[in-house]
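To start, the structure under review is shown below, and the notes come after it.
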Amino acid sequence: MSAGSIGSVPARPGRGAATQPASPARRRLLAGRHDTADELPRHLLGVSRTTSAVLTAVCVLFALFTLAPLAWIVINSTKTQANIFQTFGFWFARPFELWHNISLLDQNVVGNGTYLQWLANTALYAGVGSVGATLFATLAGYGFSRYRFRGKGALFAIVMSALLVPVSAITLPLYLVYAKAHLINSIWGMILPSIVSPVGVFLMRTFIDAALPRELIDAARVDGSGEVRIFLRIGVPLIVPGLVTVLLLSVVAIWNNYFLPLFIFSQNQLYPVTVGLSQLSSHGTTSGSLAVEPLLVLGGLVTILPLALLFVVLQRYWRGGALLGGIAG
């Protein structure tokens, strides 16, 4: 094809050799310069200018709705208690009290413990519980996905049925069991239920079905590899995105857990952040002389930061695992 033929379109067979000029979009397509969607006209993508503007406006409004609480808590963490209530919530005010408010995090303001102690407890519960939940969910998901045994379907259905039981329905039985097992006011009373994750089992089974070919496992067995070696050397490297996804979901669930520690802990030094800040807020409400609002606002901000940092560090694994799991599902 000559260089001059790119700018024109051949006539249909039977109508002679006459040519007609091609449109600019047609010439770009024929010239091979349509590698990216940005170079295609909007009408070829099926989106009108009005629809694009409306969708953009909706996304902007959703972003503002999502980020507004975060902006409020960042700004008000620099204020005194009086300024929190008397000044505009979305702008700074004098005096700038951020460093003073930070110093309150290590002070026992109302005798219920310090915020840093509660934060350390939360990190302990979330760290141990999420690692345990990820480990057991991975082993269970691998077993359900790659082994055949009698009652497999029924057992998996029982595991999934745990998702239908509300936490409030098992509160009293769980408390009685804890009392008999001496787990009241014990960190294991918080950690042991956290390592059971039916959602994690479901996600890992779905992810392993999609990411770990059976043929690869069969080939390793033919070569003489044992089941443990196959799982550790072949399976685990291929399912890292799924592992990170379950880990992140478990950390968030344990970090934000309020109901379980509320009824198993009666000692202030064992509180996580959720229960500690709730107790602090209750004391501040009943005792008007206590200036606890700056501590509550800054405590909420500090509580958010570790989770945000964790998502930023692990987002590429989490995103890949969530997408592959969703496609496989």
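Summary of computed values
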| item | result |
| --- | --- |
| Search result, residues across region 208-252 that are more than 18 Å from Tyr147 (Cβ to Cβ) and either touching a residue at least 40 places away in the same chain (Cβ under 8 Å) or in contact with a Leu (Cβ under 9 Å, 6 or more places away or on another chain) (or both) | Val240, Pro241, Leu243, Val244, Thr245, Val246, Leu247, Leu248, Leu249, Ser250, Val251, Val252 |
| From Phe231, Phe263, residue being at pLDDT below 90 and over 25 Å from Thr80 (Cα atoms) | Phe263 |
| Close pairs (8 angstrom Cβ cut-off, 6 or more residues apart or separate chains): closer than 11 Å to Gly113 by Cα in region 267-283, of a type in the set (Gly, Ala, Ser) and in a helix (DSSP H, G or I) anywhere | Asn268/Gly276; Val273/Gly299; Leu277/Gly299; Leu277/Gly300; Leu280/Gly299 |
| Some residue of region 197-213 being within 30 Å of Val312 (Cα to Cα) and of a type in the set (Ser, Thr, Tyr) | yes |
| Cross-chain or 6+ apart pairs with Cβ under 7 Å, region 90-101 first and free of Cβ contacts under 8 Å to residues at least 60 places away in the same chain and within 12 Å of Val74 (Cα to Cα), then among the aliphatic types (A, V, I, L, M) and assigned to a helix (DSSP H, G or I) | Phe90/Ala71; Phe90/Ile75; Trp91/Ile75; Phe92/Ile75 |
| Lone unmet requirement of (1) free of Cβ contacts under 8 Å to residues at least 24 places away in the same chain; (2) crowded, with 17+ Cβ neighbours inside 10 Å; (3) farther than 28 Å from Leu314 by Cα for Leu183 | (1) |
| Yes/no for Pro193 being assigned by TED's automatic domain parsing to the domain that holds Phe263 and crowded, with 16+ Cβ neighbours inside 10 Å | yes |
| Residue count, region 285-329 (criterion: at pLDDT below 75, out of contact with any Asp or Glu (no Cβ under 7 Å at 6 or more places or on another chain) and not basic (Lys, Arg)) | 18 |
| Any hit, region 153-171, residues being among the aromatic types (Phe, Trp, Tyr) and loosely packed, with under 13 Cβ neighbours inside 10 Å | no |
| Residue in region 128-145 that is surrounded by 16 or more Cβ atoms within 10 Å (Cβ to Cβ), aliphatic (A, V, I, L, M) and at pLDDT below 90 present | no |
| Of all residues making up region 208-261, the number that are outside any helix (DSSP H, G or I) and on the phi < 0 side of the Ramachandran plot | 9 |
| Search result, residues across region 72-97 that are among the aliphatic types (A, V, I, L, M) and surrounded by 15 or more Cβ atoms within 10 Å (Cβ to Cβ) | Ile73, Val74, Ile75, Ile84, Ala93 |
| Region 108-127, residues that are surrounded by fewer than 18 Cβ atoms within 10 Å (Cβ to Cβ) and modelled with pLDDT of 90 or more | Leu116, Ala120, Ala123, Leu124, Gly127 |
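The values are calculated or read from the model by the stated rules, or taken from the named source; none is laboratory data. These figures come from a predicted structure and were not determined experimentally. Here Cβ is always computed from backbone atoms with ideal geometry, including for glycine, and neighbour counts include all displayed protein chains.
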